[in-house]
Every structure is written in C-alpha cells, then in structure tokens.
Amino acid sequence: MPDLLIELFSEEIPARMQAKAREDLKRVVTDGLVEAGLNYASAGAFSTPRRLTLTVEGLTAESRPVREERKGPNTSAPPAAIEGFLRSTGLALEQLERRADKKGEVFFAVIEKPGRRAQAIVAEVLEAAIRDFPWPKSMRWGSGSLRWVRPLHSILCQMTTEAGAEVVPMSVDGIEAGNTTEGHRFMGAGRFAVHSFDDYRAKLLRAKVMLDSAEREAHILADAQNAAFAAGLELVEDKGLLTEVAGLVEWPVVLMGRIPDAFLDLPPEVLQTSMKEHQKFFSLKNPATGRIEGFVTVANRETPDDGATILKGNLKVLSARLSDAKFFWENDIRTVDSDSLGAMTAMLAFVTYQNSLGSIWDRIPRLSSLSEQIVSDLGGERKDAKEACYIMKSDLRTQTVREFPELQGVIGRYLALHEGHSAHIADICVSHYAPLGPSDAVPNEVTAIAVSLAEKLDTLTGFWVLNEKPTGSKDPYALRRSAIGAIRIIVANQVRLSLIQYIRQGLMMNESARQRWALDANPNRSETFPEPEAKDLLAFFHDRLKVHLRDEGIRHDVIDACLAMPGNDDLTLLVKRAEALAAFLKTEDGENLIQGFKRANNILSQAEAKDGVEYSFGADVKFAETDEERALFAALDAAEARITPAMASEDFGQAMAAMASLRAPIDAFFEAVQINTDNAIVRRNRLNLLSRIRQICLSVADLTRLDG
Amino acid sequence: MTNAQTAPRSFQEIILRLQNYWAAQGCAILQPYDMEVGAGTFHPGTTLRSLGSRPWAAAYVQPSRRPTDGRYGENPNRLQHYYQYQVLIKPSPPQLQALYLGSLDAIGIDTGLHDIRFVEDDWESPTLGAWGLGWEVWCDGMEVSQFTYFQQVGGHDCKPVSGELTYGLERLAMYVLGVDHVMDMPFNDPDAPIPLSYGDVFRQTEQEYSRWNFDQADTEMLLSHFKDAEAECERILAAPQPDKAGRTIVMAHPAYDQAIKASHLFNLLDARGVISVTERQAYIGRVRALAKKCADAFVTTEAGGGGTAA
C-alpha cells in the first residue's frame, strides 16, 4: 500500500489561518480520495509559516472498479425519452442492453468503470483542492490567475511504496509537482529531494524546520518556562499567543529579557497588552511582587551571537513602545489630578455614542437614573450607584485607552483608586461592561449589579428607539449579547425586579435623547414611547431567556407555560417557576397529574362551549354522590390550603408537591364518576368541581401550553 | 546575503544605497511626485501604473505628509513630513521576497544576525479604493517595511498583480544607524566639512508645519479648495480632447492631480479637527469616487494598456 506525501510551499501564511488550513487540506484531500474510490489507513496534516503538509498512509493503489446498471425506458417509448436516457448515461443506442420486463422490453444501461490508479486520482483531487481551497482571504500574484493565501511556489506530491518513491505527475497554473522542498529561509541550504514522509520530516529538521506546530508550541513553552524560572520569574501563560507565535516561526528560539526599571510602575495590564499586541511577547511575572518584570520573545533563527543582536533590537522597540505607554499613563494621572474623573466624564460630551442619540456623556444621567432606581429596589445605596456612573466611563478620555482600547475599564479602575474611590466603586469601572462573553463572570455586588444592568438596559432601549433591532444573523451592536448578559446577571444573583418598568423608562429617556438630537421640529411630539415597543423588547428578553434555559435542558413548552403567567417580566420568578415545573414534570405524579388536568380541562371546555357558560364557582360537597367525589373535594381543599401560602411565598416546589397530591384523587374521580349525568344539578356541581382543579393547577403555571 | 555590507553612516547613504540596489534590479528610478501626498502609494507611478496590463518597474523616494502625525519636532519618532521609499514591480516577480531581503543586505542589515519576519498585514486604502494582501516586515520586532500584492486599485482588479514595497525611511535608518531621536540622525556624512543632522534639516519645518496644520490653517479656505479640486477633477475627466491623429486624449493624470489635492486637503481638515466622525466617512468616500474615476480614465489610455480609446 503506497503512502502519499503532499507539501504546498508558499510565501508566509498568516499565523491565524494555519490551524484551519491544515485541517481543511486533510479533509478536502482525503474526502476527495475516498469519493473517488480509494481507502487509506491514516492521515496527518502539518503547517509552518511557509508550508502546508499532508501525509496519507496506507492508500490503496487502485480504486475499486464500479459496475452500475440503470434501468431506462421501454424500447417502445417515444424517441425523446430514449434520447434523454442516452444523454444521461453518455452511451450510444447500440451500447444499451434490451431486457424483458413485466411491461415488455426495457432498455438497460450497464456502465462499467474500471479501477483507476491512485496516482491519477491524487493528481485530480489535489488540483481541485488547490483551486478551491477555502482560505478566508486569498490573492492572485504575478500574471497568473490562481488564488492562494500568498504566492504558491512549489508543490511536492509523491507516492512511496516498497519499490520506491514516485512523483505524482500534475501541475497547477504552471507549477509542476516534484519531490523537492526547501528548509528554513535563512538557515536552510537550498532545495532538497525527499523520498518519504519520515525522510521529509528528518531532512526538514536538519534544514532547521520543525514541521509540527504542536512540537513548536511545546518547545517554546518549555524553553520560556525554563528561562523564566532561571531568572526567578514565572511565565504568564497565554495559549492564544503561543499558537500565534508558533505560527510565525519554523525554528523557534526563545530569548528572555528584562523590562527596564523605568517602566515597572506601569499597570501590569498595560505592560502585558503592549508587549502582546505590538510585539507578541510573553510576559514574565515576579511571583513575589506580582509585577510584570520580564518578557520572552521568540525569534525564528539561531545566530552566531546567540541572539544578542535580536534581543537588543527587540528591547529597543519595547522601550520605544513603553515610553509611549508611560507618557500616556503619566499624562492621564496628571489629568486626573488636575481635572478629576468627574470632569473627564463631562468631556465625554465630545465623544459620539451613537449618531442619533448623542454623546457618551449624554448617556451618563440615563445610566445613573436607571442604576439608582435598580439599586434602591435591590436595597443598595443610590449614592454609590451615582458615584460609579459618573466615573466609570471617564477612562474613555484617557490617552492610555485610546492607545489600548482593550483596556477600557481596567484603566478606569486604577484611576478611580488613584482618586480615592473605594474598591467596590472602582471595580465597577470594569464590571459594568461584564459579562463580556459566555464564560465571563457576572457582577455579584449590589451596586455593580445595578449599574451593569442599567448599562445593558440603556443600550437595548436606545437601539429599540432607533429601531435598530437584530435581524437574523445581523446584530452589529451585539444587542443579543447585552440581553443575555442582563439575563445572566439577574438569574445568577436572583435579582427581583420588574423589567418592563425599567424598559419603559429606558425607552422614554432614549426617545427624548433622540428627539433632542434630531432637533425634532414638532414640539407636540410626546416623549412617551408606545407600549408595544416595551412589550417587544420584553419579548426579546424572553426569547433570549428561552435559549438560555433550553441550554440548561428546560423544554420550550415548559417556558411557554410559565411565560403565560402574570409577572413574567420578573425573570428570576420566571426561571424559578420554570425550573420547578420542569422538575415536577420529570416525576411520575407530575406527568400523570398533567394528564388528569388536561382531561378535566377538556371536559370543562367542551361543556362550557356547549352550554355557553363558564363553570367557575359553586361546587358544593353536599351535592357529591360518590366517595371519590367527596375525596376529591377533600383533596382540593387540602391542596389549596398548601398551595395558596406556597404561591404567596413563591415556593413553587411546595406548590407543585401539593398539586402532585391531587393526582390519585383526580384519577380515582375520573375512574368512578360520570360527569355528564342526567341530573342537571349534579352535573353542574361536577363541572364546577373540575373548574376548581383547573383553577388550582393554573395558579401554578399555564399547563394548557404543555405539549402532549 | 551572507556577506553583509559595511554599515552606512548617514540617512542619505541609506537612500542612495536603496536607489543603487533597485536600479541594479532593473527598476526605473523615478523622482518624487511634485505634489503633497500622504504616502508613496499616491505617486501616479504606483497608483495609476499598477493598473492595466503593461509591465512596470519603478522605485523612488516620496516625501509624505501626514498632518496629524506632527509633534512640533519634539517626538523622537513622529513627524508630519517624512520620506518613504517605494518600489513597484508589475507583474510581481516570483523572487520578490528574495529581492527585498537583498535590499536589506544592501543597507547593512545582516540577515545572518537579525530576525527578519513576514507578519500578516492586509493593506487597504479607502481613499484610493485599493486593497492588497501581504505583510509588514519585522526586523528584530520592529516594522521596517510594508510588502503588498495589489489586488485592486481604484475599484479595478489588478491584472497582472503588482508587488509593492514601502520602506519608512526615517524609522529604518534610525534602526540601522542606532539613533534614538530622529532629529539626532546624521543626514549627510558625519565627517563631511559641514555635517548636518536630520534636525538641522527638518526641526524648523516640523515646528512651523505642526503649528500651521493643527492651529493656523484656514479651514474655510481649505474647504473651498477641496470643493474646487473635486469639481476640477470631474470637469477635466468630462472634457477629453482629440490629438492631430484624431485620437481622443483623456486627461487622466491632470484629473488625478486634483484627486491627490483633495486627499491632502482632507488630511489637513482632519488635523484641524473640523471633521466629525460621520463626516469623515463621507469625505473619504468623495475622494475615493475621484480616484475611481481617474482609474477608469487611465485604463482607457495608451499607458494604461487601453490602446487608442475611441
């Protein structure tokens, strides 16, 4: 069984594209081979900045012959039908077989495809793979029309058996496949031929290329940890950076340096961000002080001076970058000292938030108003919320954040502490943006909760006012993320509040801002906002909540049953109810009770429709004729006595347990009692009894919305 | 590239070595374009000549102006006026990376001692309606050049594709010469009878232009110049003239001059801080529209590979 080796050698492939590219190469080629009737034992894909490599082991030398029979039209069919069959099979009339069939004589096409040599198949599959490769972005070069991520220079495509290695003859836009490649751009020594994957890998290593990115990553990580350890520092691990750096080098050489003393007082986040974003350095932390004091850079080569020149150059660039950062940071501190964070916040009047809603400063009173009400609802201090709102965005005016936008909030926190705000207020500079993603923590301190919720509510109501709602896959302002963030904060902290009330308020404030900015000529325009919009935004929250709960295994019909209850803008209550109902439905009693409820409800609804009345009151035990009937009366009284207080204290578990106790009496009742008797009084009494079942059950959730 | 050259000693020596190197590679050494531009790419020797099917190979120094980068001559690394070295070869030759590395060797960067890297950087010029793929080239962690394969210019697909190299000369020279403040960099030979530093040549102009760019430029006048340039560009393009043989001569280059003018006026207005975030996009769009029309016109000309336009 032959082995196949493919290498596509090009100019530098962007690091971020390499992982997907090698997987794509493997998938596209092996799928193509299998589709053409070949099998293989195993396949592996590799990438360096300049090459994508695929090795396929144990490939079958020939594809299976295929014999295909297709039944055609009757021999007496109209000529058009027969011609169509010939066209679709690619055969001539005399090549068709005639066979007897139940309905007479029928044409049969027998198409035999002989097995093909793997070489021919590989050539076709590889050419197609190169021409249609799914690069996120590709380009042309020179005078050619081929597209690749960067100019493609050579193709190595070779099959190896015990008998030896053989180049697969193929070419793409003038690039002939061969059996040669080259090593490291600077440390390699020209092109060389290979005869198998093992030989290829070994010769690359000699030519200073580590083929496997995982090996390069492991090498970088180990050397970086060792270098840090030797210097009494520890590596701040960063998986994303490690992968990126491993995609920038073929021969990683780790070099360690110390950050000049002048910069050690910068916030560690500034050092880390500057080094990572601009220079792709790893940070080294002093475990004793927690400060970032060193860095690791990864060069792509060995040098006669053991990297001294390279390190010196990198240090020079680092110093220039950090001088800028230090300059910005010190200016920012001076600005805080002279102007205060409050004054800097007011300067946000010159920073646009959204064209039709004005500046970021315009948001602050809205955020403060919402935060203060929420915090007071939650039993916190209004003044804390206000204090936080009037400083938390001030860092958007700083030079440091202008240079490192990803540090918004973090810088604000340092400045707030510098100005003497308490830690819990300073933390809000960071936490009011949270959660930033599904794995990001949510705030859990009362002021932080209020402010973070206000931030999301103001964002959402603002875009609702502008009618910029997410549609389909389009959500340019990440409004879904805002809503999910608010939901997570509410649910995780069991926050109790009436969302609709804050939605209304947010809509009103944002509508007023919009009118101010539109210089609305119509002074009579009301500043209130139509209620349907508030309901629409609440429904948006409910949709996000459904997704959130579905991920936690709660069925959509369970959520619908709870959404139909009053107070559904209290998301904590809603979730509590849904969780209790979901748990209840998982019990045998629960499932059967729902059946009993549905039966009662169906009979009742039919009777009500027929009689044109609503049976809702007046069931009296004195008209009960059977023990089962009397037992149900007793059970309903007992259940109601438990359910009412349980519901009042929102103990849905208790309420549902009480409801579960109705299962046996209801089943027994339906077993023994005929509802529609001739005695009108007894019948009415029994219908009213059913209505008590409905009423009690519906007080917990709208069970009519449950499936099944 | 193993035999590194002797180290150059001045800013101008680096420029001269680049000129000699690219001349030896067969490039026509053009002179700077005589208008204010933001980057070497705006030189018609790049923008217009990257269009059409005719082969082209040119290299030149281009003084570039970025009013917002002015720092009154005080910042060690930032200038509102600086030099770019620009190379454009069409079609891009297969060994362009090697040619580029040869140029580093020529200016004294020993690739045996330094860490040269090609780091992904997609280039886009919204004002020129142009984009390409390539890298920023790093030397020991510092960006020393931009390397781009043009894919589209002025809204036209580049066929064939041009390879463009741009060297930020001051930054590159500071690195090669080991200078920390641009104004301290030797401009001519430090042993010349009259040695001149970069500061001797440009400190005064940086001080003056920073003030004019940021504080003094008459914005009303700049705005009306912008409109004039825009109108003139469109007018010229709408008035092709016949030559003696009856061929129509489209005035793509004079029109393009007006587009360049508009672009620089926009940069000045931006530095004066009179353009809001929303207006910014609109202005860029207006300049792009001019650049596109000029590109449309150029490809119909003989130089643009369009032969004799009807």
key: Rg [Å, one decimal], Dmax [Å, integer] - chain B, C-alpha atoms   = 20.2, 61
Phi-based couplings in Hz for the range B:203-217 (Karplus 6.51, -1.76, 1.60; Gly and Pro marked x) = 4, 4, 5, 4, 4, 6, 5, 4, 5, 5, 4, 8, 10, 10, 4
query = So between A:N286 and A:D627, what do we pick up on full extension, going 0.36 nm a residue minus the alpha carbon distance?
reply = 114.7 nm
remark   = Most exposed first, judged by fewest Cβ atoms within 10 angstrom, A:M17, A:M139 run A:M17, A:M139
remark   = Given backbone amide H placed at 1.01 Å from N, residues whose amide H is under 5 Å from that of A:S498, ignoring those fewer than 5 places away on the same chain, are none
request  = Have a look at B:A57, B:A130, B:A24 and tell me which one the Gaussian network model of chain B (Cα, springs below 10 Å) gives the largest fluctuation.
outcome  = B:A24
remark   = So the angle from the long Cα axis of helix B:96-106 to the longest Cα principal axis of chain B, reported in degrees to the nearest 10, equals 40
Computed label-point distance, nm, for sites B:D228 and A:E124 using a 7 Å Cα→Cβ extension = 6.8
request  = Report ³J(HN,Hα) in whole Hz for each residue of the range A:662-671, in order, from the Karplus equation J = 6.51 cos²θ - 1.76 cosθ + 1.60 where θ = phi - 60°; Gly and Pro get x.
outcome  = 7, 4, 4, x, 5, 4, 5, 4, 5, 5
note = Sorted by chain and number, the residues with a modelled amide H under 5 Å from that of B:I249, at a separation of 5 or more or across chains, are B:Q241, B:D243
Listed residue pairs exceeding 21 Å between alpha carbons, taken from A:K71/A:K103; B:K227/B:K293; A:K71/A:K113; A:K386/A:K456; A:K239/A:K456 = A:K239/A:K456
remark   = With the 8 Å Cα cutoff and a minimum separation of six or more residues, chain A has a relative contact order in percent of 7
Packing-based exposure ordering (other Cβ within 10 Å, fewest first) of A:T677, B:T41 = A:T677, B:T41
remark   = Computed ³J(HN,Hα) along the range A:414-431: with the Karplus parameters 6.51/-1.76/1.60, θ = phi - 60°, integer Hz and x for glycine or proline, the list is 4, 5, 5, 5, 4, 7, x, 6, 6, 4, 6, 6, 4, 4, 5, 4, 8, 6
note = The residues B:W56, A:W329, A:W135, sorted from fewest to most surrounding Cβ atoms within 10 Å, come out as A:W135, B:W56, A:W329
inquiry  = Using a 7 Å offset from the Cα along the Cα-to-Cβ direction at both A:D702 and A:D551, what is the distance between the two label points in nm, to one decimal?
reply    = 2.6
remark   = Counting only DSSP beta bridges fully inside the protein assembly as shown, the antiparallel percentage to nearest 5 is 95
query = So, in Å, what gap is there between the alpha-carbon centers of the range A:123-194 and the range B:1-60?
reply = 32
key: Computed helical MRE - 222 nm, chain B, DSSP H runs ≥ 4 contributing -39500 (n - 2.57), nearest 500   = -12000 deg cm²/dmol
inquiry  = Give me, ordered by chain and number, the residues 5 or more places off A:G294 or on other chains with an amide H under 5 Å from its own placed amide H.
reply    = A:I259, A:L284
inquiry  = Could you give the length gained by full extension between A:A349 and A:F108, i.e. 0.36 nm per residue of separation minus their alpha carbon distance, to one decimal place?
reply    = 78.7 nm
Cα long-axis angle, helix B:277-298 against chain B (0 to 90 degrees, to the nearest 10) = 80
query = Taking R0 as 41 Å, what's the FRET efficiency between B:Q19 and A:S340 from their Cβ-Cβ distance, rounded to 0.05?
reply = 0.15
ask   = Can you give the calculated 222 nm mean residue ellipticity of chain A, where each DSSP H run of n ≥ 4 adds -39,500 (n - 2.57) and the sum is split over every residue, rounded to the nearest 500 deg cm²/dmol?
value = -16500 deg cm²/dmol
query = So for the pair B:Q207, A:R382, with labels modelled 7 Å out along Cα→Cβ, what separation do we get in nm?
reply = 5.8
request  = Could you give log10 I(q)/I(0) at q = 0.16 Å⁻¹ for the range A:213-338, computed by the Debye formula over C-alpha point scatterers of equal weight, without solvent?
outcome  = -0.76
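Readers should treat all values here as calculations from the given coordinates under stated rules, not as data from a laboratory. This structure is a prediction, so every number in the text was calculated from the model and none was measured. Note that each Cβ is placed from the backbone with ideal geometry, even for glycine, and that neighbours are counted across all protein chains shown.
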